[in-house]
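Q: Pasting in a structure now, in structure tokens, and then I'll have a few things to ask.
Where a number appears in this text, it was derived from the coordinates with a stated rule and is not lab data. A quick note: this is a predicted structure, and the numbers were derived from the prediction, not measured. Methodologically, a virtual Cβ is constructed for each residue, glycine included, from the backbone with ideal geometry; neighbour enumeration extends over all protein chains shown.
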Ligand code: DNO
């Protein structure tokens, strides 16, 4: 039976986790991006080739791009958008010329994934990424001071946010700001001013407008994707809720259906992130997997543990609220229908063991992900065995 392609996110030569580490972890595919190229610029063929040779020299393959960022000019369909569409298409052609055809992206306004703490200590001493609504509200109301922000939170969260903010030192404020506005490693963090001006823009665009812009973007790149066999995989919103007054359009099943049907062609697919989707109180992750499996071009397997308010921490890969066995089994079945299996990567991992004493990219230390990959690989083997036996 056909198995998943096991991949690993590598941030490039600057990544403290080396390609040799990846080989030792047992992954065969690399997921990376040219983070040194500014958003919206064309990825030169030469730079893609160079990165590809580095990966291949280590005996690995560049399987998936994560991400070719979609410039804000496209998300907001700014008047100078045509240049950015042309650049995006050229980047896709250059990638395809190097044989790289799965491209992850997201359509979250301004911010990519958002957490409020990067080092929540687990009972065993490992550290996890954490999202807390009261901390977000403390930032939103008391630091960012967004107008009418109070309407977006339940009373209980507002009270807790106020209480907490009153105890914050200047360093606590700086740290919370840093964590919330943090960008992808080696890309730039955003400023409060950027956030403020985006807020005004996105208010006008709204949810419906943002979805229209996404479908428009997909239609613009459709012919290039189809000509070159490129598969686009949209990452879900993380967390899967509107935050800081910004609209969200990829948070759950209904959204995914709208996106898939909005441009109903095979190139238009999803990056199925169990952790991002799993943080949504309403999201039945296995049910979403069943509904969209035919359009899953890439998967992130990770788990979360939520509390009653909706705060969540990133749990061990097999230990959170998402029934990972059920989700894997759905995709294992899907893999048997395909010429090429779905690539997945163990998404994030706890900072643990020796990594507690190293500086690594938040969520992307080696050992926690190695543990996740090993557990997921074992789970797949077990599920395959059960299928063969029955
Ligand atoms: C976080 C990642 C995201 C993801 C992008 C895809 O760890 O899953 O940053 O790469 O949203 O565009």
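Q: If you average the C-alpha positions of the stretch 343-357 and of the stretch 230-301 separately, how far apart do those two centres end up, in angstrom?
A: Here the answer is 23 Å between Cα centres.
Q: Quick one: Cα centre-to-centre distance for the stretch 37-92 and the stretch 126-168, in angstrom?
A: 35
Q: Got a sec? Which residues in the stretch 81-116 would a label at residue 361 touch, if it sits 7 Å along Cα→Cβ and we count backbone N under 15 Å?
A: 104-106, 112-114
Q: If one computes P(r) from the Cα atoms of the stretch 134-293, what percent of pairs lie at distances over 26 Å?
A: 39
Q: What FRET efficiency, computed as 1/(1 + (r/R0)^6) with R0 = 25 Å and r the Cβ-Cβ distance, is obtained for residue 219 and residue 90, rounded to the nearest 0.05?
A: Efficiency at R0 = 25 Å is approximately 0.90.
Q: Follow-up question, since we're still on this one. Quick one: among 103, 64, 157, which has the greatest mean-square fluctuation in a GNM of the chain with alpha-carbon springs under 10 angstrom?
A: 157
Q: Suppose the chain between residue 50 and residue 150 were pulled fully straight at 0.36 nm per residue; how much longer would it get relative to their current alpha carbon spacing?
A: Between residue 50 and residue 150, full extension yields 31.1 nm more.
Q: If the label point is 7 Å along Cα→Cβ of residue 203, which residues in the stretch 107-133 have backbone nitrogen under 20 Å from it?
A: Output list for this probe position: 109-111.
Q: Determine, for each peptide in 247-253, 45-51, the mean count of other beta carbons within 10 angstrom over its residues, then list the peptides with the highest first.
A: 247-253, 45-51
Q: What's the extension gain from residue 307 to residue 2 if we count 0.36 nm per residue and subtract their Cα-Cα distance?
A: Taking residue 307 through residue 2 to full extension adds about 106.1 nm, to one decimal.
Q: Follow-up. Just to compare against my own numbers: the Cα pair-distance distribution for the stretch 271-356, 10 Å bins, whole % per bin, please.
A: Spelled out bin by bin, the stretch 271-356 gives 17, 49, 26, 8, 0 percent.
Q: Once you have the Kirkwood Rh of the stretch 72-135 from its Cα pairs, apply Stokes-Einstein at 20 °C and 1.002 mPa s and quote D in µm²/s.
A: Using the Kirkwood radius from Cα pairs, D works out to 140 µm²/s.
Q: Can you tell me how much longer the chain between residue 20 and residue 78 gets when fully stretched, taken as 0.36 nm per residue apart minus their C-alpha distance, in nm with one decimal?
A: The residue 20-residue 78 span can extend by a further 16.6 nm.
Q: Further question on the same structure: For the chain, what does the alpha-carbon gyration tensor say about shape, rounded, prolate or oblate, given a ≥ b ≥ c as the root eigenvalues, a/c under 1.5 as rounded, and a/b over b/c as prolate?
A: Rounded.
Q: Moving to a separate point now. Pick out which of 77, 52, 162 has the largest mean-square fluctuation in a Gaussian network model of the chain, springs linking Cα atoms closer than 10 Å.
A: Looking only at 77, 52, 162, the biggest GNM fluctuation is shown by 162.
Q: Take every Cα-Cα distance within the stretch 36-83, group them into 10 Å bins from 0 onward, and report for each bin the whole-number percent of pairs it holds.
A: Pairs per bin, as whole percents: 22, 42, 24, 11, 1.
Q: On to the next question. Quick one: what does P(r) look like for the stretch 211-321 with 5 Å bins over all Cα pairs, in whole %?
A: P(r) over the stretch 211-321, rounded to whole percents: 2, 12, 22, 23, 18, 12, 7, 3, 1, 0.
Q: With label points built 7 Å along Cα→Cβ from the Cα atoms of residue 163 and residue 196, find their separation and express it in nm.
A: Modelled inter-label distance: 3.1 nm.
Q: Let me ask something additional. Compare 18, 197, 276 in a GNM of the chain, Cα atoms joined below 10 Å, and give the one with the largest fluctuation.
A: Answer for the Gaussian network model of the chain: 197.
Q: Please quote Rg/Rh for the stretch 1-152 to two decimal places, taking the Kirkwood radius as Rh and restricting both calculations to Cα atoms.
A: Answer for the stretch 1-152: 1.05.
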